[in-house]
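The values are calculated or read from the model by the stated rules, or taken from the named source; none is laboratory data. This one's a predicted model, so the numbers in the text were calculated from it and none came from an experiment. Glycine gets a Cβ as well: all are built from the backbone with ideal geometry, and neighbour counts include every protein chain shown.
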Amino acid sequence: MLFNGMLTEEKLEAPAANISRGAQLSDAPSAFEARWGSACIFALASFAVAIRLFFWYYTRRTWEDALISTQHAENAARGLGLTHVPGGPHVHGFTTPVSILIPLLAELVHSGLGVASMKVVSAVCGGLTVWLAMRMSQRLRLSFPVTLFIGGYLAIEHQQILFGMAGMETQMAVTIALFSIYSLFDFKPTLIGISLALCMFARPDFCLWVAVMFALAAWHCWNKRDFRPLETIAFWLLVLYGPWIAFTTWYYGSPIPNTILAKAWGYGAHWYAGMSASAVRFGLLVRARRIFVLLGPSYGGHGMGFSLFRNWQIVISLTVHLFVLIGMAVTLRSKVLPALAISAFTFVYSVYYLVLVSVVAPWYCIPLAAVAIMAAGIGLDAALKDCFTTRMRSVIGYALVTAYLASLAVYAPASFRDEKRIQAFVEDGVRKQIGLYLGARIGPHQTIGCEPLGYIGYYSRHVIYDFPGLCNRDAAEYFHQHPLQPDPSGGYTFRRKMLMTSMIGMLAHFRPDYIVLRPEEYQTAVDNRQDWLLSEYQQIAVFRVSDEHRAQLLFPKDNIDLEYHVFERKSDLAQGSTSPAGPPQQN
């Protein structure tokens, strides 16, 4: 038995009118909480919107993936096709429907509003996320300090703000995931069906969640001996999401985005292939840290995982994770549908990212963190009720929540400032400039080869052989035909070098007119004796962040985009270019 004061079905389900058993709760809300609880929720939700709008205004941050989707939308609005580069076969080069539909509607209204529309919707969804989470906390009868713990995290945690307000669909995915759980409280089949359709529009990997939700709904229907709600849920899911499946099958030849195939082929199906048992265990630990460290103070603005401001702060993340595990155990004992959904989401996507996804980008984990913080809230609430008297629970709860939220808020100024500098020094100062430089220099039918697609593709508007072929079927097919070879001796540590070697092999196969490489990618080519790069290409420009500006960044060693070298095929160089090469770029 975990706690003597274990949350029971009666305690958790009492707020849901149609499943209430009229149980007496051990803790009644205080007069302040009863009177001002709703006002606090509204205030915190409004603050979540305001801080996201301020983040946008202050940092101007735009993640490169947002530009990939927006480029599709802009081309479609101009009558060039819903594809990354017009002129060839249509390529399904975006992963989530919502990331293309919203900017497409905005572009049809006014050219240039694509990225801005995603940020506006994300800001509004930030407020909805906080409202949904805190209302669910109330309906689960969690104490008010715990409700503030959950809502405060979702409102101010840096990664929860960053990836939505950088133009991606992340914040919308969080809101929709929480909305799907919220729909289980009153078990209205139509609402559940709509929420599951929205899940599929938000992220393809939410198909796992749709399956889990169907299983939970089936369990509920079994208990009620009435399976008609399942028909309604399936009906609304198919009616709303079915047309998208039909459209993409007709337009692209398959409903599966090219990005999913490219990542599966380019990154390898199994990250643990060829590793020893000890290497797999170490890899799981590394992945667990990458996934769950954002439950405490951390910074992921460089896109290569999450960094700790102080090493000891991992204790905060581990403590919250401990409450996540306690909360999952509590919900299993309670057998309450929405609470079970919280635990199921946390468990399924923890396993999914730990084991099944080859490369876990930081923004993948944001919906998982949002739902996991609710599980942590349930665990914290159970611990407070089990370990302290009624009088002390509120005092200890408010103290813990204040300390935790302060540990997140204290780094907000530095994090915001660094996002502004990354945008100015790296994105606008280096990667955007490479795209503009190549766009002005190369001919209409010439091609570019590089790993990063977003800024270079958006500002050059040329065909790119990117890694792993997100918007290039030929590149993706190359990786399909030349799968990543496991390295039994190297294990997890050498995986990035293996990926770079695979990318260099793709560039050697296609020989694009221009190649853009990071220094370590160039060194990988040299180490692998790729003589073609030295004999057939000549460096024409270097774009780099100056040492002065590098010193102003948080964790600059975590940023792999500080320097790029541009190479041109010597045959093209001999024929002349549309513009001079110019000196190396310093920012």
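Things to note:
- The helices (runs of 4 or more DSSP H) falling completely within the stretch 5-89 that include 2 or more residues that are at pLDDT 90 or above map to 31-59, 64-77.
- His302 fulfils the conditions (1) touching a residue at least 12 places away in the same chain (Cβ under 8 Å); (2) assigned to a helix (DSSP H, G or I) except for a single criterion, (2).
- Applying the set (1) more than 25 Å from Phe185 (Cβ to Cβ); (2) modelled with pLDDT under 95; (3) touching a Ser or Thr at 6+ places or on another chain (Cβ under 9 Å) to Ser278 leaves exactly one unmet item: (3).
- Residues in the stretch 286-308 that are under 15 Å from the mean Cα position of the chain (by Cα), at pLDDT below 90 and either aliphatic (A, V, I, L, M) or farther than 13 Å from Cys365 by Cβ (or both): 2 in all.
- Selected residue (only one of Leu438, Leu405 is touching a residue at least 40 places away in the same chain (Cβ under 8 Å), under 30 Å from Phe347 (Cβ atoms) and touching a helix residue (DSSP H, G or I) at 6+ places or on another chain (Cβ under 6 Å)): Leu405
- The set of residues in the stretch 304-327 being under 18 Å from Leu384 (Cβ atoms) and of a type in the set (Gly, Ala, Ser) consists of Gly327 alone.
- Among the candidates Gly167, Gly193, Gly152, the residue that is part of a loop (DSSP other than H, G, I, E, B) and assigned by TED's automatic domain parsing to the domain that holds Gln71 is uniquely Gly167.
- Of residues in the stretch 499-521 being closer than 13 Å to Tyr564 by Cβ and either β-branched (Val, Ile, Thr) or crowded, with 21+ Cβ neighbours inside 10 Å (or both), the one farthest from the chain's Cα centre (by Cα): Tyr514
- Any hit, the stretch 122-138, residues being in the same structural domain as Gly303 (by TED's automatic domain parsing) and farther than 23 Å from Cys365 by Cβ: yes
- When Ala525, Ala508, Ala476 are checked against the criterion of being of a type outside the set (Phe, Trp, Tyr), in contact with a strand residue (DSSP E or B) (Cβ under 9 Å, 6 or more places away or on another chain) and outside any strand (DSSP E or B), Ala525 stands alone in meeting it.
- Residue list for the stretch 47-65, filter: within 22 Å of Ala412 (Cβ to Cβ) and either under 17 Å from the mean Cα position of the chain (by Cα) or aromatic (Phe, Trp, Tyr) (or both): Phe47, Arg52, Phe54, Phe55, Trp56, Tyr57, Tyr58, Arg61, Thr62, Trp63
- Taking every residue in the stretch 276-296 that is in the same structural domain as Ile316 (by TED's automatic domain parsing) and pairing it with any residue that is part of a loop (DSSP other than H, G, I, E, B), at least 6 positions away or on another chain, the pairs with Cβ-Cβ distances below 6 Å are Val280/Tyr272; Arg290/Gly305; Val293/Phe306; Leu294/Phe306.
- Inter-residue pairs, beta-carbon under 6 Å, first assigned by TED's automatic domain parsing to the domain that holds Ala218 and in the stretch 324-340, second part of a helix (DSSP H, G or I) and of a type in the set (Val, Ile, Thr), 6+ apart: Gly327/Ile378; Val330/Ile378; Pro338/Ile181; Ala339/Thr331; Leu340/Thr331
- Yes/no for Thr331 being of a type in the set (S, T, N, Q) and either closer than 21 Å to Ala177 by Cα or within 21 Å of the chain's Cα centre (by Cα) (or both): yes
- On inspection, Gly93 passes the criterion of being under 30 Å from Asn472 (Cα atoms), touching a His at 6+ places or on another chain (Cβ under 7 Å) and touching a residue at least 24 places away in the same chain (Cβ under 8 Å).
- Residue check, Gly112 within 20 Å of Trp56 (Cα to Cα) and more than 23 Å from the chain's Cα centre (by Cα): yes
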